[in-house]
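Written out below as structure tokens is the structure these notes cover.
The values are calculated or read from the model by the stated rules, or taken from the named source; none is laboratory data. Every value quoted in this text rests on a predicted model; they were computed, and no experiment measured them. Cβ placement follows ideal geometry from the backbone for every residue including glycine, while neighbour counts extend to all protein chains displayed.
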Amino acid sequence: MLALRCLKSLDRPVLGAVCKRARLISSSSTPLQEAGIPWFVDPSPITRSYDNRPLPPHIPATQRNAPSIPSDAPDVLKQLHVKLLESPHLDTSHLVVSPAVLPAPGPPLPLRAPHGRRNRGGTYPGESQYDETGVGVWSWVIMAQVKEGTENRGAIESVVRLIRKTLLKMEPVVPLAPKRRTDGSEWVLIDAGNFAIHVVSKGAREKYFNQVDW
């Protein structure tokens, strides 16, 4: 009602000039309209403050390079190595593909014959084919360490799922043991026949694999 009263209070020539000016404005095209941008859109770039947020403390600012993979490694290991490099949970500086390294033999046990009613307590283990050939159970080993602080946040389980999914999609399919629960583990071993994959935390690697020369 107030707008109508204002229009009635204007003189007819003034009202005609206002209407003519409005028609000119509506008919004239602006550069934004010519570019297909509506009048209510601001074309100026938007600065997003969350792009400059710092990384969490357990994620390094720069990702270190992974050790090189041996040229004579099987193709299945090379393909798996490429997939593991894409995982955001792994510390790639400790992603190692290496021929299996046998640990140094310990001191021999004193020979003792079995005794007792159940014939137990003997220390003679018998002969093994690995003692003669000098090789272990696996020919190749992959060591994959998750980033420090993520082992109890599902990082190890995520890497294990990635490994199983990658190996089961290969041609021919790599036979794997049935999946089992690994919640809360800091070291998961995946036996893939000719090679093994160790998915470990930093603490487990320093505790169990500190003496291994990769």
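Considering only segment 140-153, I want to know if a residue exists there that is modelled with pLDDT of 85 or more, aromatic (Phe, Trp, Tyr) and either touching a His at 6+ places or on another chain (Cβ under 7 Å) or in a loop (DSSP other than H, G, I, E, B) (or both). No: segment 140-153 contains no residue that is modelled with pLDDT of 85 or more, aromatic (Phe, Trp, Tyr) and either touching a His at 6+ places or on another chain (Cβ under 7 Å) or in a loop (DSSP other than H, G, I, E, B) (or both).
Tallying residues that are within 21 Å of residue 200 (Cβ to Cβ), loosely packed, with under 13 Cβ neighbours inside 10 Å and of a type in the set (D, E, K, R) within segment 66-111 yields 1. For segment 167-180, does any single residue satisfy the condition of being farther than 26 Å from residue 106 by Cα and in a helix (DSSP H, G or I)? Scanning segment 167-180 turns up at least one residue that is farther than 26 Å from residue 106 by Cα and in a helix (DSSP H, G or I). Only one entry of 87, 71 meets the criterion of being under 24 Å from residue 151 (Cα atoms) and either of a type in the set (Gly, Ala, Ser) or modelled with pLDDT under 80 (or both), and that entry is 87.
Among the residues of segment 189-204, those that are outside any loop (DSSP other than H, G, I, E, B) and either of a type outside the set (Gly, Ala, Ser) or surrounded by fewer than 18 Cβ atoms within 10 Å (Cβ to Cβ) (or both) comprise 189, 190, 191, 195, 197, 198, 199, 200, 202, 203. Could you list, in sequence order, all residues of segment 154-166 that are assigned to a helix (DSSP H, G or I) and surrounded by 11 or more Cβ atoms within 10 Å (Cβ to Cβ)? Hits for segment 154-166 are 155, 156, 157, 158, 159, 160, 161, 162, 163, 164, 166. Scan segment 122-139 for residues that are touching a strand residue (DSSP E or B) at 6+ places or on another chain (Cβ under 6 Å) and at pLDDT below 80 and the total you get is 0.
From 95, 84, grab the single residue that is in contact with a His (Cβ under 8 Å, 6 or more places away or on another chain), closer than 25 Å to residue 192 by Cα and not aromatic (Phe, Trp, Tyr). Outline the logic, then answer.
Numbers: 84 fails: in contact with a His (Cβ under 8 Å, 6 or more places away or on another chain).
So the residue among 95, 84 that is in contact with a His (Cβ under 8 Å, 6 or more places away or on another chain), closer than 25 Å to residue 192 by Cα and not aromatic (Phe, Trp, Tyr) is 95.
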